[in-house]
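The values are calculated or read from the model by the stated rules, or taken from the named source; none is laboratory data. Only a predicted model underlies this, so the values are computations on that prediction, with no experimental measurement involved. Cβ sites come from the backbone with ideal geometry, for glycine too, and all protein chains shown count toward neighbours. Remember, those area values only see protein heavy atoms, side chains included, never the ligands or the DNA or RNA. Shrake-Rupley method; radii C 1.70, N 1.55, O 1.52, S 1.80 Å.
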Amino acid sequence: KGCVTNVCQEDGRRFYKSGDFEQALASLDVLSTALERSPSYRLDRGLVYYALGRFDEALADFNASLVNLPDAFIASAQRAHTLIRLGRFDDAHAAFAKLLDAKASAREFRGLRTRSYVLGNMGVIDLFRGDAKRAKAELTEALQIDGRNTQAATYIYRVLPQLEAKTIDAAGLASLRRSPPPSSPRASLLRAPRPQTTARQPARARLHCPTR
C-alpha cells in the first residue's frame with residue numbers, strides 16, 4: 001500500500017501547510033501503524049499536535065522521534081519549545097543547553113546562527129524562571145553572536161526593563177508564554193509555531209516528509 005502511504009503523506013503536508021491541522025492529523029493518523037517507528041513521521045505528527053495546542057501528545061511524538069536519532073536538532077528544538085508550553089522551564093532550559101554542544105550549532109537555524117538562537121531561548125526561559133541576571137548574560141551573548149536575533153533584542157531591551165521596573169513580573173510573563181492571547185506580540189518570540197486559535201492562523205514550522 002505504498003501508494004496510499006504516499007498519498008496520505010502528501011495530504012498531511014498539504015493540509016498542515018494550509019493551516020488545516022485537524023485534517024493534517026487525520027491524514028497522518030492513517031499511517032500511524034505503518035510509520036510508528038519512523039523518526040520523521042513522529043516529528044511531523046508532533047508538529048501538527050503542537051499547532052493544535054495538544055502539547056502532551058506533541059511531546060510524546062518528539063520524544064519518540066529522538067529515540068533512534070537522539071542528536072536530531074529540529075526534533076530536539078521542537079521538544080524544548082513544547083516543554084516551555086507545558087511550563088516545564090527547567091527541562092526546557094536543559095534541552096536548549098544540550099543543543100549548544102550539537103554539531104548543528106555551527107550552522108544556521110531559522111534564519112539565525114544556531115548558537116544565537118539557542119542562547120536567546122535560554123535567556124528568555126531564565127526570565128520566566130526569575131533569573132534576570134543570567135538571562136541578561138545569555139541574551140547579550142546571543143546578540144553578540146548574531147545581531148539579527150530580534151527575539152533576544154526584544155527581551156533584553158523591552159521586556160527586561162519592564163521586569164526591572166516591576167511593571168510585569170516573571171510569573172506573569174511565563175503565564176503569558178504558556179497561553180498567549182491571539183493578539184500577543186510575544187506569541188512568536190521564541191520562534192516556535194503557535195498553537196491553533198480561532199482569531200488568527202498560527203505560524204508553522206516546516207513539515208518534514210515521513211519515511212517508512
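Fully extending the segment from Lys17 to Asp101, taken as 0.36 nm per residue of separation minus the present Cα-Cα distance, adds 27.1 nm. Only protein atoms count toward the accessible area here, which uses a 1.4 Å probe; on the stretch 37-111, the carbon and sulfur part of that area reaches 49 percent. Using a probe of 1.4 Å on the protein chains alone, the accessible area found for Arg129 is around 80 Å².
With one equal scatterer per alpha carbon and no solvent term, the Debye-computed log10 I(q)/I(0) for the stretch 1-93 at 0.14, 0.21, 0.23, 0.25 1/Å reads -0.48, -0.99, -1.13, -1.25. For the stretch 1-96, a simple Cβ point-charge model (Lys and Arg +1, Asp and Glu -1, everything else neutral) yields a dipole of about 140 debye relative to the Cα centre. Rounded to the nearest 0.05, the FRET efficiency derived from the C-beta distance between Tyr157 and Asp90 at R0 = 22 Å is 0.25.
Taking all protein chains together and rolling a 1.4 Å probe, Thr150 ends up with roughly 80 Å² accessible.
Computed from label points 7 Å out along Cα-Cβ, the spacing between Ala26 and Arg129 is 4.3 nm.
Average accessible surface for the stretch 39-100: 34 Å² per residue, computed with a 1.4 Å probe over protein heavy atoms with every protein chain in place.
Across the stretch 60-70, rounded Karplus estimates of 3J(HN,Hα) from the backbone phi angles (6.51 cos²θ - 1.76 cosθ + 1.60, θ = phi - 60°) give 4, 6, 5, 4, 5, 4, 8, 4, 9, 10, x Hz, Gly and Pro being marked x.
What you get for the stretch 4-43, charging only the Cβ of Lys and Arg (+1) and of Asp and Glu (-1), is a dipole of about 180 debye around the Cα centre. Taking amide H positions as modeled 1.01 Å from N, with prolines and chain starts lacking one, the residues under 5 Å from Glu108 and 5 or more places away or on another chain are Thr114.
Between Gln144 and Ala34, the contour length at 0.36 nm per residue exceeds the alpha carbon distance by 35.0 nm.
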